[in-house]
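**Q** Below is one structure. I have some questions about it.
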Amino acid sequence: MIRLLWMAAGALLNRVRGGLFDFGGNKLLFPLFLALFARDIETTVCVFVAAYVGQQFGWGTYIGALFGTAPSQAEVPQIDEIVNSVRITLHGKVVRLSEYPRLWGFAALGLRGLMWSFFIGLAVRSIPVMLCGALMPLCYLFGEAIDRRLLRKGGKTAWNLGEWLWGAALTGFVVW
C-alpha cells in the first residue's frame, strides 16, 4: 500500500515537473523525490543527477507523433538518427518508419524513456529500472486512450495524463 502512495506522489511530482505548477524549482522536485529512495549518500547524489539530467532532453516531437502528428522538427539527434534510419517491410514493401508517425513516435519515445531511466537504474543497480523507460510510450498511449474514450477534453489532456502515468511508472520501478 505504501508503494502505491509513493507512486501517486511521484506521479504528482512528475506532473509538476511538466508544468502543473510553474515555479522556479519545479524541475528539481521529481529528481529529489526519486533520490529519497537511495540507500546511501553516493547513490542519492547519483539518482538525483541521473533523474535531473534525464529530464532535460526533449520529447515533445515524439509524443506529438505518437498522437498522430507527423514529426516536424528534430528532437534528440541520437534518437532521431536511429528512428529515421529504420526501415520495415509491410505487405512486401520496404518503408521508412517515419512514414508511420505513430509507430515512429512510439519507437522514438521508447528510446527517449530509456535515456531517462537507464542512468537512474545504473545508480540504484537495477536492470528493471534501467529498462522501464521503454514503457514511456505506453504511458502516453494510455493517457490518450483515457482522454479519447472517457474524458473527451482534447488539447493537451492526453499529454498531461501521460505525465501522470509515466511519473507513477518510473517511481514504481524505483521504489520496488
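**Q** Using a 1.4 angstrom probe, figure out how much accessible area the chain has per residue, in square angstrom, rounded to the nearest whole.
**A** With all protein chains present, the chain gives 53 Å² per residue.
**Q** Could you let me know the centre-to-centre spacing of the range 107-172 and the range 11-61, using Cα atoms, in angstrom?
**A** With the range 107-172 and the range 11-61 each reduced to a Cα centre, they are spaced 14 Å.
**Q** While we're here: Identify the residues of the range 49-79 with backbone N under 20 Å of a label point that sits 7 angstrom from the Cα of Leu122 along the Cα-to-Cβ direction, or state none.
**A** Of the residues in the range 49-79, 49-58, 76-79 have backbone N under 20 Å from the label point off Leu122.
**Q** Could you tell me what percent of the accessible area of the chain is made up of carbon and sulfur, with a 1.4 Å probe and every protein chain present?
**A** Details: 6290 of 9400 Å².
In the chain, the share of accessible area belonging to carbon and sulfur is 67 percent.
**Q** OK, next. List the residues whose amide H sits under 5 Å from the amide H of Leu36, counting only those 5 or more places along or on another chain, with H placed 1.01 Å from N in the peptide plane.
**A** Here the answer is none, since no amide H 5 or more places off falls under 5 Å of that of Leu36.
**Q** Please work out which option in (1) 66; (2) 62; (3) 57 gives percent of Cα pairs over 19 Å apart calculated from these coordinates, and answer with its label.
**A** Given (1) 66; (2) 62; (3) 57, the structure-derived one carries the label (3).
**Q** Here is a follow-up. Ordered by packing density, taken as the mean number of other Cβ atoms within 10 Å over each peptide's residues, highest first, how do 20-30, 57-67, 162-172 rank?
**A** 162-172, 57-67, 20-30
**Q** With labels modelled as points extended 7 Å from the Cα through the Cβ direction, what inter-label distance (nm, one decimal) is found for Leu20 paired with Thr157?
**A** Taking the two extended label points, one gets 1.8 nm.
**Q** With the dipole of the chain worked out from charges on the C-beta (+1 for Lys and Arg, -1 for Asp and Glu) around the Cα centre, which of Leu150, Ile79, Leu111 lies farthest toward the positive end?
**A** Comparing the listed Cα positions along the dipole, Leu150 ranks first.
**Q** Further, regarding this structure: Suppose every K and R has +1 on its Cβ and every D and E has -1 on its Cβ; what is the size of the dipole of the chain about the Cα centre, in Debye to the nearest 20?
**A** Working: 16 positive and 10 negative charges, 99 e Å.
Around 480 debye, computed over the chain.
**Q** When the Karplus curve 6.51 cos²θ - 1.76 cosθ + 1.60 is applied with θ = phi - 60°, which whole-Hz ³J(HN,Hα) does each residue of the range 18-23 get, with x for Gly and Pro?
**A** For the range 18-23, the Karplus-derived couplings read x, x, 4, 10, 9, 8 Hz, x marking Gly and Pro.
**Q** Still on this model: Using only helices, what value at 222 nm comes out for the chain when you add -39,500 (n - 2.57) per DSSP H run of length 4 or more and divide by the total residues, to the nearest 500 deg cm²/dmol?
**A** -20500 deg cm²/dmol
**Q** What does the extension gain come out to for Ala74 and Lys93, with contour length at 0.36 nm per residue minus their alpha carbon separation?
**A** Taking 0.36 nm per residue and subtracting the Cα distance, the gain is 4.2 nm.
The values are calculated or read from the model by the stated rules, or taken from the named source; none is laboratory data. For clarity, every value in this text was computed on a predicted model and none was experimentally measured. We place every Cβ from the backbone using ideal geometry, glycine too, and count neighbours over all the protein chains shown. The area values use the complete protein model at the heavy-atom level, side chains included, leaving out ligands, DNA and RNA. Shrake-Rupley method; radii C 1.70, N 1.55, O 1.52, S 1.80 Å.
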